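Values quoted throughout were computed directly from the atomic coordinates according to the rules given, and no laboratory measurement underlies them. Keep in mind that this is a model prediction, so the values were computed, not measured. Virtual Cβ from ideal backbone geometry, glycine too; neighbours counted across all protein chains shown.
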Amino acid sequence: MNCGTRLGYGQHKSKNEPACFWCKEWHRKDQEGSVVVAPIKAPKKPKVRTPRKQAVCGTTEGFSAHQYYGTETCDPCREAWNERNRERYAERKGKQPAPRAKRTDPIEHGTAKGRGQHKRRGEEVCTPCREAYNAANAAARAARLAAQGKVFTPKVVECGTLAGCRDHRRKGEPTCQPCRESNRQAKAEYRERTGNR
């Protein structure tokens, strides 16, 4: 119940029951004319929204407005949108690296690039391309060490050793007789030391 108000006092009367203390106090003040009635608030004025700036057809904003309101896109707006996309594509394409050489392009023998072409095609690397690749790596390593204040001294592999035999195989060239003998001797020593036959 809404005790202490006109509604609460009326509810008591409708139920044929004595009014509570709060309702009696309200009735007494009402008889004396000392009941303070809260003023009725005026309804809020509806907010007047300023209309949005109408998009101009023939622009990208006009195309977006067509999509937002679900209206049919006009030809000028569609053409402006396509033109903007073409400009973006041309700018992005200009920043991309040059396309890689195709498998049908001739191999640039005697260069480091030629070694990569051999590898991509699954072919055996020729000697000029391998030497050019090794020389480019040696030059790059020498430049890095020179920046650190060091001197690059390339390692020279001597024939007649196990390292010389491995160097022949790495370069893809026939193994000389001294290196072949050193490799055979290293294998014999390994069998004697481990007992593997």
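Just a few scattered comments:
- Modelled FRET efficiency - R0 41 Å, residue 150 with residue 95, Cβ distances, 0.05 increments: 0.65
- A straight Cα-to-Cα reach below 21 Å connects residue 13 with the lysines 24, 29, residues fewer than 8 places away in its own chain not being considered.
- Charge dipole of the chain about the Cα centre (unit charges at C-beta), most positive-ward option of 59, 82, 133: 133
- Once the Kirkwood radius over Cα pairs is known for the chain, the Stokes-Einstein relation at 20 °C and 1.002 mPa s delivers a diffusion coefficient of 74 µm²/s.
- Neighbour-limited loop hits for trypsin sites (Lys or Arg not before Pro), the stretch 70-178 (at most 15 other Cβ within 10 Å; DSSP other than H, G, I, E, B): 100, 102, 103, 121, 150, 155
- Here's the list of lysines a cross-link from residue 155 could span, going by alpha-carbon distance under 17 Å and ignoring same-chain residues fewer than 8 apart: 171.
- Exposure rule at most 11 other beta-carbon atoms within 10 Å, DSSP loop GluC sites (Glu not before Pro): the chain longest free segment: 1-71
- The string of couplings for the stretch 112-121 from the Karplus curve (6.51, -1.76, 1.60, θ = phi - 60°) is 5, 5, x, 4, x, 5, 4, 5, 5, 8 Hz, one whole number per residue in order, with x for Gly and Pro.
- Between the Cα long axis of helix 127-147 and the first principal axis of the chain there is an angle of about 60°, rounded to the nearest 10.
- If you plug the beta carbon distance of residue 188 and residue 127 into 1/(1 + (r/R0)^6) with R0 = 41 Å, you get a FRET efficiency near 0.85.
- Helical content of the chain, expressed as a calculated mean residue ellipticity at 222 nm, amounts to -18000 deg cm²/dmol (DSSP H runs of 4 or more residues, -39,500 (n - 2.57) each, divided by residue number, nearest 500).
- Cysteines having no other Cys beta carbon under 4.7 Å from their own, within the chain: 3, 20, 23, 57, 74, 77, 126, 129, 159, 176
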